[in-house]
1. Compute the distance from the alpha-carbon center of region A:79-149 to that of region A:170-212, in whole Å.
2. Please compute the per residue accessible area over the protein assembly as shown with all protein chains in place, 1.4 Å probe, rounded to a whole number of Å².
3. By its C-alpha gyration tensor, with a ≥ b ≥ c as the square roots of the eigenvalues, how is chain A shaped: rounded for a/c under 1.5, else prolate for a/b larger than b/c, else oblate?
4. Going from the alpha-carbon gyration tensor of region A:1-87, what semi-axes, largest first and in whole Å, does one get by taking the root of 5 times each eigenvalue?
5. From the square roots a ≥ b ≥ c of the eigenvalues of the alpha-carbon gyration tensor of region A:86-170, which class results: rounded (a/c under 1.5), prolate (a/b over b/c), or oblate?
6. What total accessible surface area, summed over both chains, is buried at the interface between chains B and A, computed with a 1.4 Å probe and given in Å² to the nearest 100?
7. Over all Cα pairs of region A:110-234, how is the pair count split among 10 Å bins, expressed in % and running from 0 up to the last occupied bin?
8. Would you mind calculating the relative contact order of chain A from Cα pairs under 8 angstrom and at least 6 residues apart, reporting the percent as a whole number?
Amino acid sequence: MTIAHPSTRSSEFWAGARAVLPLVLSAIPFGILYGALALEAHLSPAAAIAMSMFVFAGSSQFVGAGLVRDLAPIPVIVLTTFIVNLRHALYSATLSPYLKHLGQKWLLPLGFLLTDEAFAVTISHFEGEQGDSPHRHWYMFGAELAMYLNWQVCTIVGIAAGSMMGDTAGIGLDFAMSVTFIGIVVPLIRNRPMVVAAVVAGVVALFTFQLDNKVGLMLSAAAGITAGYISEMMNNESQPFTSTQDTNLTDGQL
Amino acid sequence: MNEFLLIAGMAAVTFGVRYPVLALVSRMTLPAWAIRALRYVPVAVLTAITVPAMAAPDGHTVSFALSNAHVYAGILAGVIAWRTRKLLPTILIGMVIFFVWKALFA
């Protein structure tokens, strides 16, 4: 796409919404699945919707609903949510140099609405040829808002579907969550330190998952991150960090 | 379960990782080691959640018996994810394998 004339707010906004559209479409099944899982975990429909409205982070909503089902205490669920969503700090750090000129009126909503998908399309726009528009934050906002509205609708559809299916909704839903995470994780494993991080986290998890309060999850995650980091330090062939690589890292994530 | 507290807490920590780095970075930058370590977060966390969910679907007993469809359908789904690198086919084919395996061995 070549733009001969300077971009406007609205052209940036709609370009962002258009760019994220394929990712919006692929989020639909997960939004629906989340709605059904949340009911199955005995969250009230209102709480399931409120989680999508105010937390708005797919994978952590899946994990949160799973922990509610397992009757985990609230502090444990909140801490787990924090860990699952830590990656957003990386996205924020990558995007912030492009948003320096903005005030809180913009940074608050842009931060609140940040997702893997919006990050992926926004960073490639900002780093691309048309990324120097003074209205580029509208592009990010368009991508984010498209993801947000879609997620709300899909949550409600999932709740409706889940309540119609009743108790039969439970059949296979726990595996649906596992297979979703497998589909996210495996493509991310593209160098030796990532393999090390995954293997260490998985093995530690196997030996610690029965500890109270999901302490095992924290231990396994910390062990995996540390092992990956050390392996990267020791492995001279591993690629240096670039933001392009980081963009690829988010392909198809929730 | 106090659902209000649950969602308020989850919302606060999620906003707390998204917004501050976005807003504060003109005053400070995330150190290189932190950025490097953060790249391992998704893989480590999601693997730590998924492996026990597959190996011990009842939440207590690790089982690699053929009757544990979670573990074998999970491994096959991993192979599909590795070959296709696509999320949706992995989920759809993985679910089919899961139900077929259950019908055959469980």
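1. Cα centres, region A:79-149 to region A:170-212: 27 Å.
2. Numbers: 15770 Å² over 360 residues.
Roughly 44 Å² per residue, with all protein chains present.
3. Taking the square roots of the gyration eigenvalues as a ≥ b ≥ c, chain A is oblate.
4. The answer is 35, 14, 11 Å, longest axis first.
5. On the way: a/c = 2.75, a/b = 2.67, b/c = 1.03.
In terms of gyration-tensor shape, prolate.
6. Values: alone 8670 and 13840 Å², together 15770 Å².
Heavy-atom accessible area buried at this interface is about 6700 Å².
7. Computed distribution, short to long bins: 11, 22, 28, 30, 8, 1.
8. 30 percent
The values are calculated or read from the model by the stated rules, or taken from the named source; none is laboratory data. In this text, all values refer to a predicted model and were calculated from it rather than measured experimentally. Neighbour counts run over all protein chains shown; Cβ positions are idealised from the backbone, glycine included. Accessible surface is based on the protein model in full, side chains and every heavy atom, while ligands, DNA and RNA are left aside. Shrake-Rupley method; radii C 1.70, N 1.55, O 1.52, S 1.80 Å.
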